[in-house]
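A short worksheet on the structure shown next.
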Amino acid sequence: MRLLSGPEQEVIINELIKGTIEDDSIDWPQYLKPSLQTRGFVRQVRNLLARMRSLGMDPDQLIEIGQKYENNNWIALGHFAEMYLDNLDASESIDYGELIHRVNLLLHRVKDLKELNINYSHFYVDEYQDIDSSQVRLLKKLVSPNKFLFCVGDKSESIYQFRGADSEALERFQKDLDRKSTRLNSSHTDISRM
């Protein structure tokens, strides 16, 4: 299994979109067709796929939402997501969002982490302000009450909302992970050396 970089994902998405145009395998809304192979559209599709998985959604749920709200964009994108995931499986590749999603599914099926030989007692998370909901679910499954968890984050430095990062996760840390939090009000970073 090979983990794809962002640019590699975009190449695959672009090639798959090109194929759907040539063989008419996806019923893209007519007004979207001129933009289908633009860099901006491909990047938005990549972000949508990551967001879909960060929310724990499957392509069929995207299709159902499209049908419920009569939104042909979501229906077409749901079908495209199915094709994209099938392509990843066939090429023995995986993207980051899918990796986290599959680990969450695996951890949901096991009763005890020891079944998977996960014996860590300490977990450290940097840049917690950039965590997304699938990563929070993953941490919840990994960190039981007897495990040590240390997270660091600064809400004012959150930069990944475009891919589903939830800066409010810092505010919900105690509730989400049933842990005590401490707010540091001063920084001791020596910026004169930078």
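The values are calculated or read from the model by the stated rules, or taken from the named source; none is laboratory data. Computed from a predicted structure; not experimentally measured. Counting neighbours? That spans all protein chains shown, and the Cβs are built from the backbone with ideal geometry, glycine included. Note: areas computed on protein heavy atoms with side chains; ligands, DNA, RNA excluded. Shrake-Rupley method; radii C 1.70, N 1.55, O 1.52, S 1.80 Å.
Screening Phe148 on (1) surrounded by fewer than 12 Cβ atoms within 10 Å (Cβ to Cβ); (2) hydrophobic (A, V, I, L, M, F, W, C); (3) more than 29 Å from Ser187 (Cβ to Cβ) shows it passes everything except condition (3). Restricting attention to the range 33-70, the residues being closer than 15 Å to Ile100 by Cα, part of a loop (DSSP other than H, G, I, E, B) and not acidic (Asp, Glu) number 3.
Based on what the data block shows, is Leu107 of a type in the set (A, V, I, L, M), open to solvent by less than 30 Å² (accessible area, probe 1.4 Å) and more than 21 Å from Leu49 (Cα to Cα)? Here the answer is yes, as Leu107 does meet what is asked. Applying the criterion of being open to solvent by 50 Å² or more (accessible area, probe 1.4 Å) and among the acidic types (Asp, Glu) to the residues of the range 1-22, the residue that is farthest from Asp95 (Cα to Cα) is Glu22. Of all residues in the range 23-58, those satisfying the criterion of being among the polar types (S, T, N, Q), within 15 Å of Gln161 (Cα to Cα) and open to solvent by less than 90 Å² (accessible area, probe 1.4 Å) are Asn47, Ser54. Inclusion of Asn73 among residues that are in contact (Cβ under 8 Å) with a residue 40 or more places away in the chain, part of a helix (DSSP H, G or I), closer than 25 Å to Arg2 by Cβ and polar (S, T, N, Q) is not warranted.
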